[in-house]
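No value in this document is a laboratory result; all are computed from the given coordinates. In this text the structure is predicted, and so the values were computed from the model without any measurement. Neighbour counts are summed over all protein chains in view; Cβ atoms, including those assigned to glycine, are modelled from backbone coordinates with ideal geometry.
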Number of protein chains: 2
Amino acid sequence: MSHAGEPVPIDGETGLILFLGHPTAQAGSPQRLNPKLRAAGRNWVVVPVDVPPEDVDAAFDGIATVRNLVGLIVTVPHKVWALGRCDALTPVAEAVGAVNVIRSENGRWLGDMLDGRGCLAALRARGHEVEGRSALLVGAGGAGSAIADALAGAGLRRLRVHDLERTRASALIDRLHRHHPACDARAGAPDPPGHDLVINGTPLGMRDGDPLPLDPERLEAPQVVVDVIPKPEITPLLAAAEARGCAIQPGTAMLDGQMDLMVDFFTRRR
Amino acid sequence: MSHAGEPVPIDGETGLILFLGHPTAQAGSPQRLNPKLRAAGRNWVVVPVDVPPEDVDAAFDGIATVRNLVGLIVTVPHKVWALGRCDALTPVAEAVGAVNVIRSENGRWLGDMLDGRGCLAALRARGHEVEGRSALLVGAGGAGSAIADALAGAGLRRLRVHDLERTRASALIDRLHRHHPACDARAGAPDPPGHDLVINGTPLGMRDGDPLPLDPERLEAPQVVVDVIPKPEITPLLAAAEARGCAIQPGTAMLDGQMDLMVDFFTRRR
C-alpha cells in the first residue's frame, strides 16, 4: 500500500534531502516533510534511499559528492553508523550516541538527533505531562536513548531502563547521570506498574509474530503507552494498551512531532 | 528562475530515477517525465543529481547500492563516461559510443541512447518526412551520431557528415555503413543546399559569441533546420533559419520526443 504524500514540484534546481534507511517502505517523513519544505519556500524534496548496512559507507561516499544535496534524514538501522560519518555533533546527538539528521556545515557534516524532542513535542501536543513523572523505557537503542534524553531534559523525575543488552542500558544511564543529574535513572525490570509513561524503544512489533516487549496484562489506565514503531501505526502493544484503557501514542506521532524541528534544522534556523 | 514541474507525490516506497549531470539547473527531464511516470501508474520520481566529472565514479559506486533505484538519466558531460560503467549496451548505444539512460537488468547495468530516436520522434510529430530524404549533419559527437543512426534507420536516403575532427566523422560513417547499408553516408562540406534536413550536432550556439556551425546565408525554405542545443531554445542558427523561412526544431523538441521512450525504457516495454 502506498501512502502517497502531498505532491511536490521537481525541476533541475531542486535540492535533495535523502531519507536513508533499510528498508524505507515504512517511511513517513517524505510525505510529511515535503509540503512543509515547500511552505517554507524551499525548492527541496525528500526522497527515500534504501541502502543495506553492508553498502552504506559506499553509499555515503557517493552521496557526499552530490552538489545539490541539502542533507540526510537517517533512520533504522543507520542511526548509530551515521554518527561515525559526522565531523561535528550537537550535544544531544553526542549524548544519545546516534544521529537522525545530517547537514553540511562549511564542508563538514553536522549531525543532530531529533527523535527525543519529536516524541516530547508529541506528548505535549496530546496534553501528557512529563515534568515530575515516572517512565519505563524498554529498549535503549538510538530512538529509546533520544527519548530518555529529551524526557530527562524536560524534568522527568524517575526513569527505569530495560534492555536485553545490559551494557547498552547502563551506557544510557551513565549519560543521563552526566547530562541530567536531577533525573533518577536506573536499570529496571520491564514491568509497567508505578510508571506514568511506558515506552517501547525496541523494534518488537514491526513484524508479524514478534513477541511483545513487555507483559500487556501489567498495563493499566491512566498510563500513557508510547511506541517508536511507525508501521504498523497501531502495534500489538498499543492495541493491548488501548484495550486496557491506556492512552497511546504511536511512532507516527514521534515523526509528526519532529517535522517542524527538521525544517528548522535544514533551513539552519537551529 | 525555477521551472517547477508538475507536482508528484513521494513516499517511502517511491522508486528513484536519478538525472545525473553537471550542472543540472538547465534540466528539463524531471518536470517533463514525472507526470508521465505517474500516468503510467508508477510510484517513481525523477530527481536531479549534480555531480562533477572528478567525482562521478564515486557517485556511481554509491548510487549502485541504492535498492529503490529504478535507473539513471545521464546528461552532459557524463554521456560517454556512463557507457564505461555499463555491463551491457543496446546496439544503438554501442554504435553511438554514448548512453543517456541506464537501468539494472538482473544485476547488470544496461545502457541505451535515446537522443536520436527522440529527435526522429520530434520530426515526425511535426510532420517532417525522413524516408527518402537527404540530410546534412554538422558535428559527429554523441548527440549527432545518435541522430544520424536514428534517421538512417528510418530510411534516410543520403547523409553528409561534417566534423572538424575528421576521424570522428569517418568513424560515424563506417558505423552507418555497417548498420544501415541502404543509406548513402559520406563525409561532406557543411553546405546546406540540396538537403531536406540540416542538423547542428555541435555545441556551437550554447554560449554567447559562439561562431555559427554553418553559413546561414546558404539555408533556404523549405529546409528543416534542427539543433541539439536545449538552452537557449532558439539558438542563433535557428533564429537565422527562421528568418530565411525554414522550418526549425529546437533541442528541447529532441528532449520532448524521447520522454515516452524513457517511460518505455524504465518500464521495460523496450
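Taking N as the residue count of region A:98-159, its C-alpha radius of gyration divided by 2.2 N^0.38 Å amounts to 1.27. The charge dipole of chain B, taken about its Cα centre with unit charges on the Cβ atoms of Lys, Arg (+1), Asp and Glu (-1) only, comes to about 700 debye. Taken over region B:15-113, the alpha-carbon convex hull comes to 96 cubic angstrom per residue. In nanometers and ordered shortest first, the copy-to-copy spacing of the A:Arg108 label point, defined 7 Å from Cα toward Cβ, is 4.7. Structural size metrics of region B:113-256, computed from C-alpha coordinates, are Rg and Dmax of 13.5, 39 Å.
Ranking A:Trp44, A:Gly97, B:Gly205 by how far each Cα lies toward the positive end of the dipole of the protein assembly as shown (charges on Cβ) leaves A:Trp44 at the top.
On a 0 to 90° scale, report how tilted helix A:115-125 is relative to the longest principal axis of chain A, with both axes built from alpha carbons and the result rounded to the nearest 10. Result, in degrees: 70.
I want the local charge near B:Pro181. Using Cβ-Cβ distances under 14 Å, sum +1 for each Lys or Arg and -1 for each Asp or Glu among the other residues. Neighbour charge sum, excluding B:Pro181 itself: +2. The loop-placed trypsin sites (Lys or Arg not before Pro) in region A:120-190, going by DSSP, that have at most 16 neighbouring Cβ atoms within 10 Å of their Cβ come out as A:Arg126, A:Arg157. In summary, the lysines within cross-link reach of A:Lys36, defined as a Cα separation below 29 angstrom excluding same-chain residues under 8 places away, comprise A:Lys79, A:Lys231, B:Lys36.
Rg and Dmax, both from the Cα atoms of region B:51-173 and both in Å, are 16.0, 47. For chain B, the 222 nm mean residue ellipticity estimated from helices alone, with every DSSP H stretch of n ≥ 4 adding -39500 (n - 2.57) and the total spread over all residues, rounds to -10000 deg cm²/dmol. Within region B:166-189, name every residue whose backbone N is under 20 Å away from a label modeled 7 Å from Cα of B:Glu220 along the Cβ vector. Counting only backbone N, you get B:189. Loop-resident GluC sites (Glu not before Pro) (DSSP state other than H, G, I, E or B) in region B:171-243 with no more than 16 further Cβ atoms inside 10 Å of their Cβ: B:Glu220, B:Glu233. To the nearest ten degrees, helix A:29-39 and the longest principal axis of the Cα atoms of chain A are 60 degrees apart.
Closest approach of a chain A Cβ to the axis relating A and B (residue, whole Å): A:Gly62, 0. Between the amide H of A:Asp184 and those of A:Arg158, A:Leu159, distances stay under 5 Å, these residues lying 5 or more places away or on another chain, with hydrogens modeled in the peptide plane.
Measuring r between the beta carbons of B:Glu129 and A:Ala58 and using R0 = 60 Å, the FRET efficiency lands at 0.75. Pairwise alpha-carbon distances in chain A exceed 23 Å for 51% of all pairs. Label-to-label distance for A:Ala40 and A:Asp174 is 3.5 nm, based on points extended 7 Å past Cα in the beta-carbon direction. Across region A:187-265, the volume of the C-alpha convex hull divided among the residues equals 108 Å³ per residue.
Give me the Debye-computed log₁₀ of I(q)/I(0) at q = 0.08, 0.11 Å⁻¹ for the protein assembly as shown, equal point scatterers on Cα only, no solvent, two decimals. Here log10 of I(q) over I(0) equals -0.61, -0.92.
Counted by Cβ distance under 15 Å from B:Ala95, the other residues give a net charge of 0, where Lys and Arg count +1 and Asp and Glu count -1. Annotation for A:Arg126, label-to-label distances across the other copies: 6.1 nm (shortest first, one decimal, point 7 Å from Cα along Cα→Cβ). Rounded to the nearest Hz, the phi-derived 3J(HN,Hα) couplings of region B:169-177 under the Karplus curve 6.51 cos²θ - 1.76 cosθ + 1.60 (θ = phi - 60°) are 4, 6, 5, 4, 4, 4, 4, 5, 4, where x marks glycine and proline.
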